[in-house]
Amino acid sequence: MAIRPHQNGAKGQRKLPHTTVQGFLNWGLPRSCNQFLWRQPGEFPVSAFLLGAGTGGLLAIGLFQLLVNPMNIYEDQKMVTLYSLVGLGVVGWGTSPHIRCASLLLIPKMLGKEGRLFVLGYALAAIYEGPVANLRHNLNEVIASLGCTVELQINNTRTAWRVSTAPLRAVFKDLLSSKESLKAETHNITNSFEELDAQVNSESGFSPKDAEGSETAPGGEAPFASAFRHHLSTQKMYELKTKLRCSYVVNKAMFSCRRWFDQKHGACMQRIWVPLLNHLLCLPMKFKFFCSIAKVMEVWCRGRIPVEGNFGQTYDSLNQSIHGLEGEFSATINLKEEKRAGVLGLNTSWRHVSSEVRDYVRRQEAQLEWTLGLLHVLLSCTFLLVLHACFSYMDSYNGDIRFDNIYISTYFCQIDERRKKLGKQTLLPLRKAEKKTVIFPWDPTIQAAEMRNVLRELMETLPVLLLLLVLCGLDWALYSIFDTIRHHSFVQYSFRSSHKLEVKVGGDSMLARLLRNTIGALNTSSEMVVDSNNMPCLPQPVPLSTRAYLKAALPSGLLVCLCLLQAFGYRLRRVIAAFYFPKREKKRVLFLYNDLLRKRAAFTQLRRATILRRARQQRAPRRHLVDILHRCCPLLRPLLRRRCVVCQAPETPESYVCPTPNCEAVYCRSCWNDMRQRCPACTPREELSSSAYSDSNDDATYAE
């Protein structure tokens, strides 16, 4: 039997409020305000327009500050948007109750999916500013540390090379600085050698005529001419010159001896003037053949030449050295650096690699910032989706009587109480199976009809939470690694070099002075101590503070809270719509009550298919593993117990088990009474109640 709207109160009887909001406003506001709020269409038009316009303008300004002002757009575009929102708010709130209803529906919608989009944007921004930024900073520190370490190694190697080659460079510098003194000494040596050279190359002591008068060489030439013709060595040449000088001296002596005999013969002839007698007495003065005795000295001289056997070789070496000293003394040091690629086709330095990595990090950072900025703009534009969802809910509320019609409201309770007083069939309290399909607005817990949607929303929030946990964990792990490297990678570089070389050249001769100016340049001594460490190159990781962790975690925690509060926020949608459309709410509540009455009458037949399926599942033999867990794990026994085939409540000692063989369906006591103590699983369908029932596919559903 369908229920019709009841005209509450006769003349002089106060009308009862149909909603809790209406009763609260009647109690807290003056009578004039209640008359204005619950006015009929067309009453108080001027006041309604002015109040609506003012409220709409304020809401538009607040919406602008919340959504549009944070966007990175031009100021003139912001002003145009502000004027448009204020104009729409004033006109809409002043003239249309649908606009007012849709605007207030923004509050519960912001607690739902659309609101979580905004919080998601702030959560991603907090994650980026917290662990992601800290990760980027620590990675940049590591890159800088690697570059600094490579540069430190290069500097230490360069220092060691300079210290190692310092003595050699000092020797060359001393030689270059003593260039003038070396030139002076070599000039003196050259001047001294000129006397020996002139003596060796001299042709004095013999004459070509004497050479021609001596023994001739083969071919009829003089020996001296033959020597030049055959290019004799210095040793042979000097020996030949010595022999020629010896022959020259002997010949000179023989010539002088003969001239002396001639002079003495002439003097004798002048002194003795007696003829014949003078020839006889002066005859001994004609014995010039005695002068040929000097030829014996020539033979002795040729056999015993006073020339050493290595004189020519020594002279040639000394002559070559002296002529080499006449050249200009100079010294230069040329260093050639050869670079080789570590990988075939790659010839890059550590500076290039470090700069490439830094540029890559900067590009990724800029791309991420651009993406976050675009995300903020898109999230700021989602208020259009929120408005669309509000209008969609309002249209469905007024157009589909089954839409979101699952609430046991105050008017529903009033109808049930009135039927109880009239002695008619009532619905309250609802059965266990019926409670799972409806929502009690004042129940502070999340009910079965809301739980599925809440769980799905929590699963959608799980990736953000995992991202936060992974990034925070990665940031902490990298900080721990870098901090350990910093504390245990300190290296002290100590390079000590000591060099002392002393060469003493005694004597005051010219050669001694030359050696002191040349070899004496090796007299160098140096001592160098280089101490350095890699402290400036160690990474300087920065830990994320507790405040930063909380700042990054609060938006994500707010996401989880919004998922839990969504169930309670969505209950406000029906309250707001009922406030603006009270007649529609009455029709919806009456329809829900009548629909539940029809389902109550056909409850057994409607639930029979489900009961049969669950009963067959209970009759199926349990797996061996389940039996083992049931025997060995007392804590798991509540989960492994059988359940009521109607409401799925766990089996208790008060539960009823169908005694029919091969059935053994379990019922809790209240569901057994609701089944009128007849088991639908083993009772033929014809024997069950044949009351009219509606198709379960047309049941009211929870509006997401």
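The solvent-accessible area of Leu612, taken with every protein chain present and a 1.4 Å probe, is close to 40 Å².
3J(HN,Hα) couplings calculated from phi for region 406-420 with the Karplus curve 6.51 cos²θ - 1.76 cosθ + 1.60 (θ = phi - 60°) are, in sequence order, 9, 9, 8, 8, 5, 5, 4, 5, 5, 4, 5, 5, 5, 5, 5 Hz; Gly and Pro show x. Computed from the C-alpha gyration tensor, the three semi-axes of the ellipsoid equivalent to region 527-619 are 68, 27, 6 Å, from longest to shortest. Of the residues Thr371, Thr426, ranked by 1.4 Å probe accessible area with the largest first, the sequence reads Thr371, Thr426. Close amide H pairs (under 5 Å, H built 1.01 Å from N) link Asn533 with Tyr493, residues at least 5 positions away or on another chain. The heavy atoms of Cys257 present about 40 square angstrom of accessible area, all protein chains included, probe 1.4 Å.
For region 39-170, the alpha carbon convex hull comes to 137 Å³ per residue, rounded to a whole number.
Phi-derived couplings, Karplus 6.51 cos²θ - 1.76 cosθ + 1.60 at θ = phi - 60°, listed residue by residue for region 665-678: 6, 9, 10, 6, 4, 5, 5, 5, 5, 5, 7, 6, 6, 10 Hz, with x used for Gly and Pro. Taking every Cα-Cα distance in region 124-166 and sorting them into 5 Å bins from zero, the calculated P(r) comes out as 5, 21, 13, 13, 10, 9, 9, 6, 6, 4, 3, 1, 0 percent.
The mean accessible area for residues of region 389-451, using a 1.4 Å probe and ignoring ligands and nucleic acids, is 49 Å² per residue. Ligands, DNA and RNA aside, Thr149 has an accessible area near 50 Å² when probed at 1.4 Å. For region 241-312, the carbon plus sulfur part of the accessible surface works out to 66%, probe radius 1.4 Å. Among Tyr122, Tyr83, the sequence by solvent-accessible area, most first, with a 1.4 Å probe is Tyr83, Tyr122. Going by accessible surface with a 1.4 Å probe and the largest first, Leu478, Leu565 read Leu565, Leu478. Summing +1 for each Lys or Arg and -1 for each Asp or Glu among the other residues whose beta-carbon sits under 12 angstrom from that of Leu135 gives -3.
The values are calculated or read from the model by the stated rules, or taken from the named source; none is laboratory data. Keep in mind the model is a prediction, meaning the values are calculated, not measured. Neighbour counts run over all protein chains shown; Cβ positions are idealised from the backbone, glycine included. Each accessible area value is taken on the protein alone, full model and side chains, heavy atoms only, with ligands, DNA and RNA left out. Shrake-Rupley method; radii C 1.70, N 1.55, O 1.52, S 1.80 Å.
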